[in-house]
Each structure stands twice: as structure tokens, then as C-alpha cells.
Amino acid sequence: MTVLSKPVLGQRLLPLIGLFLLSPICAEYLIGYAESTYHPLEMMWGLLILAPLYGSIALLIREIARRTGRGWPTMLLLAAAFGLIQAGLIDQSLFNPHYGTDLNIPYWDTERLPTWLGQLGISANLTLDFVSTHIVWSFAAPIAVVECCAPRIADRPWLGRIGILLMISLYLAAAAFVFDDHLRVTGFMATKAQLVATVACALLLGIAALLVPVHTEERAGYVPAPWLVAAFVLAILALHIFSSPDWTGVSASLLAFAGCGALIATWSGRIAWKNSHVLGVAAAALLANALTSFVIQPAGEPALAVKYAVNAVMLLGVLILAALAYRQLRTVDDEG
């Protein structure tokens, strides 16, 4: 296994900053549920906490995968691990039955109660939402889009030792702040059993991520055009986003995710799978949330003109970013 050397700072600085900021924007602002999304100054101040909380982890996840010569299976498993840590240990929304009331989220019980598992103290629907949201939108899609914007260095490490230590420090500081803030606001603390179970699951996912074998052999076979892959992924994510919060909806989402994952895993192992397909998957994910924001009722009930203006700006940003990434990929392909 050969790991390529780290590019010079001038080549990686913009991608580093881009991923550090894009991850929290996709995680918290793109879908438009938060009240701060419609107050630009609040949103910018919020990035002071959210960028270290999400962006540092996105950078560390990709760094681990690239430094070990691994790829997307490793990144997705690590994203799932940190998704559990965020929802189970830091803000503990995974276990807090009064989280919606404490933070003025009117639809919380509607999403929570139909699949509530009393003995475990979790909702199957919200657990699936939390974990899938962090995997897809907090980490995987931002990583993929930023790598496609910088295709010449996409498979190389971006952080040095100082950078890695800085990201770890920023994350720990942000996580401690969010934990303390939620504890102060909600007064809720998960049980020891719940905390231990969350840590154990996260560790198992982390170990699995590092044990994923590295496959380099590509096979022949059919791969749909990138736009067809994007349309397929957009349809799967729309099914999940708009599925009912009961057991039927959870089952449908799980089956859809499993089928989509199996197909993408098959296609990505074939010679015809290119970086433009990766971009199609990631852009579809961002587009799904950007479009959904128009029908989301955010907390705080902002003026409709403000809401739709912000939603439109976010959607335009996604389209511009996807176009920029596609142009960069085409430029590299033309050079090659």
C-alpha cells in the first residue's frame, strides 16, 4: 500500500478551509430547520462552534482514510461512529425524551413516539435520522464535494502533525462547550448503560473502519451515467426524508439505504466508475437537503420572504459548488 506525500500548503489550504466550513453548513444550516439559519450574523457566529465540532472531524476522517490508503468504506464507518458520539454523548438527543420541548422543536414527539423503544430509551426513527444525517450530510457529502473541487490532491493527506493536533484540540473544546450548554439548558444526562453502549458501538465502528481491506482491483461491468446515479441517489434520499416516522417508514428507509449502498458499492468497484460519479452522489445529497429546506417549517417562524430567500441562496450555493467541482474534474480529465 502506497500513501502519497502531503501537498504543499498552497495547494491544500483552500480545500482545508472549504471542508472545515462546508461540513457544519451541510450538517446544521442547509436543510433550514434551525432558527439561526435565517439570521446571517447568528449563523456566522454559530460557525465558531459548529466548524470545530463538524469540520475538524470531517478533516480527521478523510485524513485517517487517506493516510492508511483506504477509501469510502472507512470514511463512512468513521462517520457513523462520530454520528453516534455526537447524538449519544455530546448533545444526547439520542436518549433525551424531552429534547424537543427543551429546545422548542414542535414536531419532536411526532418523530419520536411512533418507534419509541422504552427499554432502550431511544426512538428507532430518530436514531436512523441522526446517524444517517451525520454519515451523509455532516461528513461524507462535504468530503466528496471538496475532494472533487481539488481532484489533483484528492487522494493525498492534507494535514501535518500540527494540523492533526489542532483539529483534535478544536473538536474537544467544541464538544465540551456543546455538552455543557445542552446539560445547562436541558438538565438531562443519559444513563451509564446508555453512555457505555454508545462508546462501545462507536469503538466497534472505528475498529471496523480500520480493518476494512484495501481493494485496488477494478472489474469490468456496467455503470450508469453520473447524472443517472445522481437522480437515483436523490430519489432514495427523498424517500427517506419524506418517509413516515413509524415502523413502516423506518423499514422502507432501511431497505432503500441498503439497496442503494449495495448498488453503489458494486458500481464503484468497476472500471467505468469515475470521480464524476462520486460527485453525482455527493451533489445529489446536498441537493436533497437544499430542496427540502423550502418545505421545512423552521423554529422561530421567520418571515416567509426571508425563509425562501435564504433557501434560494443555499440552493444556488449548492449548484455553484457542484458546477465548480465538475469543472475541476473535467479540467483534470482533459489534461490526462
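The values are calculated or read from the model by the stated rules, or taken from the named source; none is laboratory data. Bear in mind the structure is a predicted one, so any value in this text is a computation, not a measurement. Don't worry about glycine lacking a Cβ; one is built from the backbone with ideal geometry, like all the others, and counts go over all protein chains shown. Surface accessibility is based on the protein's heavy atoms, side chains included, excluding ligands, DNA and RNA. Shrake-Rupley method; radii C 1.70, N 1.55, O 1.52, S 1.80 Å.
General remarks:
- Take Leu9: with every protein chain present and a 1.4 Å probe, its accessible area is about 100 Å².
- Approximating the spin labels as points 7 Å out from Cα along Cα→Cβ, the Val295-to-Ala323 distance works out to 2.6 nm.
- Per the Debye calculation on the stretch 40-111 with a single equal scatterer at every Cα and no solvent contribution, log₁₀ I(q)/I(0) for q = 0.22 Å⁻¹ amounts to -1.01.
- Its alpha carbons give the stretch 69-213 an Rg and a Dmax of 16.9, 50 Å.
- Put Phe232, Phe139 in order of accessible area, highest first, and with a 1.4 Å probe you get Phe232, Phe139.
- Protection proxy ranking, highest mean first, for peptides 132-138, 162-168: 132-138, 162-168, where packing is the per-residue count of other beta-carbon atoms within 10 Å, averaged.
- Rounded accessible area of Tyr222 (nearest 10 Å², 1.4 Å probe): 150
- For the chain, a simple Cβ point-charge model (Lys and Arg +1, Asp and Glu -1, everything else neutral) yields a dipole of about 1020 debye relative to the Cα centre.
- Apportionment of accessible area to carbon and sulfur, the chain, percent (1.4 Å): 70
- For the chain: rounded, prolate or oblate by the Cα gyration tensor [a/c cutoff 1.5]: rounded
- The helix-only estimate of mean residue ellipticity at 222 nm for the chain, built from DSSP H runs of length n ≥ 4 each weighted as -39500 (n - 2.57), is -21000 deg cm²/dmol after division by the residue total.
- Using alpha-carbon coordinates, inclination of helix 56-67 to the longest axis of the chain, degrees: 30
- The slack between Ala173 and Gln11, meaning 0.36 nm per residue of separation minus the straight C-alpha distance, is 55.5 nm.
- Solvent exposure ordering (accessible area, 1.4 Å, most first) of Glu63, Glu42: Glu42, Glu63
- Reported value for the stretch 7-151: 119 Å³ per residue, from the convex hull of its C-alpha atoms.
- Full extension of the chain segment joining Leu117 with Ala305 gains 63.7 nm, where the gain is 0.36 nm per residue of separation less the Cα-Cα distance.
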